[in-house]
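Structure first, commentary second.
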Amino acid sequence: MLNFIFKIMGNNIKFLALFCLILFMSCDDILEEDLTNDTVTPITPTEGSVVITNLVNFSWQSVDGADNYRLQLIQPSQNNMIVLDSLVSNASFQYPLDPGMYEWRVRGENFAYQTAYSFPVAFTVEASSDLSNQSLILNTPTDNLYTNNTNLLFTWNELAFANSYTFELIKNLNGQTTLTQQSGITGTNFSVNASIFDEDAAYIWKIKAVNATSETAYSSRTVLIDRQAPNQPSLVTPAADEVFTETTIDFNWTIGQDSGNVQSDVESVLEIAQDANFNSIVESINISNGNAQQLTLATTGTYYWRVQSRDVAGNSSAFSISRTFTIE
């Protein structure tokens, strides 16, 4: 009798566990509001409008239940090239554009649902000689770029009615220090001597456009100079000369942390070879998150393994001291 009762209880527990799992997986869908039949109404720019500035303000009516909005912008004259595809948390967005004809649309989104896109709205951007309400479009380097390269070329888009540009470079380390300022630049690029990057630090570069009667505000980005290699990683398991009877092996190590003024993200490179000099590498894997990897090797025999740390700025640590293991 007791066995029968326990059997029923066991089946009920399995059913309850399955029910809870389904409930958990569906929880977000239940809590999120269904947006399928809702629509987003664009406000500005309106159909056929002409914007006499390169800094365009997009706005639309918010939708109940939408956490974010997907804003898309295309340029019909460039084979409907997508100029912008951005997820926005508010019901407005500001974006600089070169003169030309554009179309924009927007939809609402939450974790589980999304509205249809609004009908595309066409508008035109025209140049203005008044630069005070305009903004420069920066090209390279990208914002918050980590790099160990100090031979940088700073570039930006030409702004109509600008006579010249002013460049400024600031070191941001224990306070901000202006390193150089150059006015009267007539082109759309500028470089500095690599020696100006005397320390690993965050550097802010700023550009503004100027004419006889007005100027833009500065547009700025940050580039992070990191020339410090990560520390050497250490192997954890398998232990040295460990013997396995299965071909699936769990590898673990300690990550060589980045050090110095700028600490960029670090990934690991796991290498497994059939010789001590790693001339016959059978596996080479990049692991961007974590310090463990499970691998199944094809054959039995003796293997050598090691790990190297590499940061996103392009610096590499020394390889760890290698170890051997054997699969019998």
Test of the criteria: in segment 86-157, which chymotrypsin sites (Phe, Trp or Tyr not before Pro) are in a DSSP loop and have at most 12 other Cβ atoms within 10 angstrom of their Cβ? 111
Can you work out the Karplus-derived ³J(HN,Hα) for every residue in segment 201-213? Use 6.51 cos²θ - 1.76 cosθ + 1.60 with θ = phi - 60°, whole Hz, and x for glycine or proline. 6, 8, 10, 9, 10, 10, 9, 9, 9, 9, 9, 5, 10
Cα→Cβ-extended label distance, 7 Å offset, between residue 198 and residue 90, nm: 4.0
Antiparallel as a % of all DSSP beta bridges within segment 42-125, to the nearest 5? 90
Can you tell me the length gained on complete extension of the stretch residue 186 to residue 248, counting 0.36 nm per residue apart and subtracting the Cα distance? 16.1 nm
Diffusion coefficient, µm² s⁻¹, Stokes-Einstein with Kirkwood Rh over alpha-carbon pairs of segment 182-285 at 4 °C and 1.567 mPa s: 68
If all Cα-Cα distances of segment 138-225 are sorted into 10 Å bins from 0 onward, what percent lands in each bin, rounded to whole numbers? 17, 52, 25, 5, 0
Hey, could you get me the Stokes-Einstein D for segment 234-327, Kirkwood radius over alpha-carbon pairs, 20 °C and 1.002 mPa s, rounded to whole µm² s⁻¹? 156
Compute the semi-axes of the equivalent ellipsoid of the chain, taking the square root of 5 times each eigenvalue of the Cα gyration tensor, and list them largest first in whole Å. 50, 38, 16
Sequence of 295, 152, 87 once ranked by neighbouring C-beta atoms within 10 Å, starting from the fewest: 87, 295, 152
Diffing segment 114-120: the Karplus 3J(HN,Hα) column from phi (6.51, -1.76, 1.60, θ = phi - 60°), in whole Hz with x for Gly and Pro, holds 8, 7, 6, 5, 5, 5, x
Please compute the Kirkwood hydrodynamic radius over segment 42-125, one decimal place, Å, based on all pairs of different Cα atoms. 13.0
Amide H within-cut-off set for residue 180, under 5 Å, with H built and near neighbours excluded: 169
Pull up all non-local amide H partners of residue 265: gap of 5 or more, or a different chain, and H-to-H distance under 5 Å with H placed in the peptide plane. 312
Tilt, helix 2-31 to longest principal axis of the chain (alpha-carbon atoms), in degrees rounded to tens, equals 20
Residue span residue 80 to residue 279: 0.36 nm per residue of separation minus Cα-Cα distance leaves a gain in nm of 66.7 nm
Going by amide H atoms built from the backbone, whose H comes under 5 Å of the H on residue 244, apart from near neighbours? 326, 327, 328
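Readers should treat all values here as calculations from the given coordinates under stated rules, not as data from a laboratory. What you see is a predicted model, and the numbers here were worked out from it, not measured in a lab. As a convention, Cβ positions derive from the backbone with ideal geometry for all residues, glycine included, and neighbour counts pool all protein chains shown.
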